[in-house]
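Visitor: Could you have a look at this structure, given as structure tokens, before my questions?
The values are calculated or read from the model by the stated rules, or taken from the named source; none is laboratory data. Since we're looking at a predicted model, the values are computed, not measured. We place every Cβ from the backbone using ideal geometry, glycine too, and count neighbours over all the protein chains shown. For accessibility, only protein heavy atoms count, side chains too; no ligands or nucleic acids. Shrake-Rupley method; radii C 1.70, N 1.55, O 1.52, S 1.80 Å.
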Amino acid sequence: MSPMIIKRICIRTNEAAALLGVDKKQGERKLRLIKAALGKENRHYITFREFAEYTGIPLAEVLEACVPSTR
């Protein structure tokens with residue numbers, strides 16, 4: 001039986017900051033702003049897709065920058 005591979009779908013603060021070219025604190029603020037715009041509570045997560053749609057950055061580019069290749 002092969003091991004189950006779990007793919008991460010939520011963006012981390014440091015990834016958001018790096019993609020936007022800001023420091024970690026600014027990345028935290030941006031994720032809070034996205035959560036508020038989406039009607040999510042502070043304890044909820046933001047997916048790569050939600051981040052891409054909100055910022056206008058193509059999803060493929062967000063995933064390429066954030067998710068390590070499995071090859």
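Visitor: Do you know which residues across the stretch 21-62 are surrounded by 15 or more Cβ atoms within 10 Å (Cβ to Cβ), among the hydrophobic types (A, V, I, L, M, F, W, C) and in a helix (DSSP H, G or I)?
Guide: Scanning the stretch 21-62 gives Leu31, Ile34, Phe48, Phe51, Ala52, Val62.
Visitor: Has the stretch 8-24 got at least one residue that is of a type in the set (Ser, Thr, Tyr) and in contact with an Asp or Glu (Cβ under 6 Å, 6 or more places away or on another chain)? So that I can check it myself, show each step before the final result.
Guide: Filtering the stretch 8-24 down to residues of a type in the set (Ser, Thr, Tyr) leaves 13.
The next check asks that each one be in contact with an Asp or Glu (Cβ under 6 Å, 6 or more places away or on another chain); those that pass are 13.
Yes, the stretch 8-24 has at least one match.
Visitor: Identify, from the list Ile34, Ile46, the residue that is touching a residue at least 24 places away in the same chain (Cβ under 8 Å), of a type in the set (A, V, I, L, M, F, W, C) and within 19 Å of Arg8 (Cβ to Cβ).
Guide: On the way: Ile34 fails: touching a residue at least 24 places away in the same chain (Cβ under 8 Å).
One residue alone meets the criteria, Ile46.
Visitor: Within the stretch 6-17, how many residues turn out to be open to solvent by 60 Å² or more (accessible area, probe 1.4 Å) and either closer than 12 Å to Phe51 by Cβ or in contact (Cβ under 8 Å) with a residue 60 or more places away in the chain (or both)? Before you say what the answer is, go through the steps one by one.
Guide: Residues of the stretch 6-17 that are open to solvent by 60 Å² or more (accessible area, probe 1.4 Å), as a first pass: 6-9, 12, 14.
When the remaining residues are screened for being either closer than 12 Å to Phe51 by Cβ or in contact (Cβ under 8 Å) with a residue 60 or more places away in the chain (or both), the result is 7, 9, 12.
The total comes to 3.
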